[in-house]
C-alpha cells in the first residue's frame, strides 16, 4: 500500500500543477513512471462523475486507490479477502503539514514561476504536443526547471483534469488558480514531464462502473492508528 500511495501522489503533484478543473468525461489512460528508475506503469480510470481509480502497481492489479468526492480509499487483498481503508484524513493531514513547513512533500508547488515555450514539438503516445520549460517554486522559494510536453488534445486534458479534481478535493489547497493561470491556453493536457513520467496510451472509452464499487466496507485509517496507540 505505501507504494500505491507514493506513486499516485507523485503523479498527482505533476498533474495538479498542469491543469484546470472543468466538467469531466469518462476515460482510461496508462502512464509510464520512470521516477524510480524501474519504468513502472500506472493505470488511471475515471467516470464522468469525477470518480477516479488509480492502479499504481501493475504486478498487483487488485491493489488500487479510489477517489470518490472527498473520500479516498486504498484497496488491497490479503489472503483473498478485501481490505478497504479510508485514507483521505491522513492525506489531508500530510497536506497541512506541508503547508506549515514541517518537512512533508507538498502535492502542489507553491507557484509556477515561468512557462517558456522552446519552439519544439514532440509526439507522445501518438499525440503531438509542444515542449515547454516549466519552472516551479516550493514554499521556501527554491526553484526547479523541468521540460514538459503539453497538448490541447481533449483526452489528455480530461485525464489531467480528473486527477487534479480528485487531488484538490483531498488536499483542499487554495493556490491552484494561481498555478493554473500560468499555463498556456493550448496546453492543458500533460504528455510528458521531464524523464520521469510519460503518457503511454489513452482512451475516451468509459471504464466499467463496477471497477468503482468498494469490495468491502471501509475502515478509517486514522481511527485504526489511534486504536493501535
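Every number here is computed from the coordinates shown, using simple stated rules; none is lab data. Source: prediction; values computed, not measured. Using ideal geometry, Cβ is built from the backbone for each residue, glycine included, and neighbour counts are taken over all protein chains shown.
Tabulated data for the structure shown
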read-out: Ranked list, fewest to most other Cβ atoms within 10 Å of each Cβ, for 188, 120, 213; value: 213, 120, 188
read-out: For 203, 76, order by how many other beta-carbon atoms lie within 10 Å, fewest first; value: 203, 76
read-out: Global geometry of the range 114-156, whether rounded, prolate or oblate, following the gyration tensor of its Cα atoms and the 1.5 cut on a/c; value: prolate
read-out: Nearest-0.05 FRET efficiency for residue 140 and residue 206, computed from C-beta distance (R0 45 Å); value: 0.60
